[in-house]
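FYI, it's all coordinate maths here, none of it is from the lab. No experiment lies behind these values; they were computed from the predicted model shown. Glycine gets a Cβ as well: all are built from the backbone with ideal geometry, and neighbour counts include every protein chain shown.
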Amino acid sequence: MSLTTTPTKRRSTILLGLITAHHPSRWWYRVGARQTFLRGSKLDHVYVFGNPPVSGWPVEREADELWVDCDDRKEYMYYKVQALCRYALDNGYSYLFRACDDTLIHVDRLTSAGLESFDYAGNMPCKFSLGGTFKTWFKGGFDFLHGGCGIWLSRKAMQMIVDDRLESVVCDMPDKVDVGFGLTTAGHKIWYDDLRIGEVLKGLLPWDSPLRDNPVIAYQKNGISIFEDEQLFVDDDPSRPITVHDPGVTKKSGGRFDSLQRQIRHRNIAQAMKAARVPAEQIGEVVGGD
């Protein structure tokens, strides 16, 4: 995979790597970042593109851009991440913070967060809330850190990603996945980059591996120290987060999580009705077959 970029003189041990694309919709995100948190930043940064959509693309490459010889569409982002990791390793960076072009990064908070002890850090979006206070991760391949709000990677983690040989972006995850507590969801059909990063750092386990029942152990068995803190990567409290993903934009949840929420809601209703000694046939009429 060939790279096109301007040689850099490293100023920091942490590299900000921002995944972007040539599509015109991404342009204003780069403009906004360059005029705000990237301006005067003490951390080096690079934007990562795939190939232009047509030959003779009428846009010149900027000095802070890495153009990778791969498809520029979302499904192929993992190849951009691999090239970014190789770029970071080749240029002597100790850590990479991989984010998206629509991610707002509080650089000072990132550098003071104390993430240097970890190989893999970020926010795990797929979690169960137990009792309203304690949260536990999904399993079955949904135990990966979310790419939108940013992923922290050590040199060890970057090297594992560079060494990965992904021949196709078509994902072989099972059609139906047990994510824990008897809940199921549809498996991914595309190797989106954050999903693939998590799988590589767990050691590309078989989908039926017993280690998938305990994701923390799975990462540790592969030599990866993982740190997850949603409060550092969401904006519920504006004074805390390292990043805000796509600030000001509300996105609809996908069908996968709508289905899971429906299963959880029906299960909670069923448990409450059982506690109230409601006959089983009446419970079935209320919650249906989920």
In sequence order, what are the phi-derived ³J(HN,Hα) couplings for the range 53-67 according to the Karplus relation 6.51 cos²θ - 1.76 cosθ + 1.60 with θ = phi - 60°, rounded to whole Hz, with x for glycine and proline?
x, 9, 5, x, 3, x, 9, 8, 6, 7, 5, 9, 10, 10, 9
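Hey, any idea what Rg/Rh is for the range 32-91, computing Rh the Kirkwood way over Cα pairs? Please report the intermediate quantities before stating the final value.
Working: Rg = 12.8 Å, Rh = 12.9 Å.
With Rg and the Kirkwood Rh in hand, the quotient comes to 0.99.
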Please compute the volume of the convex hull spanned by the alpha-carbon atoms of the range 3-248 and report it per residue in Å³.
136
For I190, the residues 5 or more places away or on another chain with a placed amide H closer than 5 Å to its own amide H are C171
Starting from the Cα-Cα distance between D229 and S12, subtract it from 0.36 nm times their residue separation and give me the gain in nm to one decimal.
75.7 nm
May I ask what percent, to the nearest 5, of DSSP beta bridges between residues of the range 3-248 are antiparallel?
55
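Using 0.36 nm per residue of separation minus the Cα-Cα distance, give me the extension gain between N214 and Q159 in nm, one decimal. Don't jump to the answer; show the numbers that get you there.
Numbers: separation 55, 0.36 × 55 = 19.80 nm, distance 2.39 nm.
17.4 nm is the gain from fully extending N214 to Q159.
Order by neighbour count: R30, R212, fewest other Cβ atoms within 10 Å first, most last.
Numbers: R30 18, R212 21.
Arranged by neighbour count, lowest to highest, R30, R212 become R30, R212.
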Along the range 33-42, what does the Karplus equation 6.51 cos²θ - 1.76 cosθ + 1.60 (θ = phi - 60°) give for ³J(HN,Hα), rounded to whole Hz, x for Gly and Pro?
5, 5, 8, 10, 6, 7, 5, x, 5, 7
Scan around L15 for amide H atoms under 5 Å from its own, H built in the peptide plane at 1.01 Å from N, and keep only partners 5 or more places away or cross-chain.
Y95, L96, F97
Can you tell me how much longer the chain between V170 and D90 gets when fully stretched, taken as 0.36 nm per residue apart minus their C-alpha distance, in nm with one decimal?
25.9 nm
On the formula 1/(1 + (r/R0)^6), with r taken between the Cβ atoms of R39 and R61 and R0 of 25 Å, the FRET efficiency rounded to 0.05 is 0.80
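The range 1-103: D in µm²/s via Stokes-Einstein (Kirkwood Rh, Cα pairs, 37 °C, 0.692 mPa s)? Provide the component values of the computation, followed by the final result.
On the way: Rh = 13.8 Å.
For these conditions, the coefficient is 238 µm²/s.
With r defined as the distance between the Cβ atoms of R73 and V31 and R0 fixed at 25 Å, what FRET efficiency is calculated, to the nearest 0.05? Write down the numbers at each step before the final one.
On the way: r = 22 Å, r/R0 = 0.87.
Calculated value: 0.70.
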What are the ³J(HN,Hα) couplings of the range 160-165, residue after residue, when phi is run through the Karplus curve with 6.51, -1.76, 1.60 and θ = phi - 60°? Round to Hz, x for glycine and proline.
4, 5, 4, 6, 5, 10
Long-range amide H partners of F227 with built H, under 5 Å
Y120, A121, G122
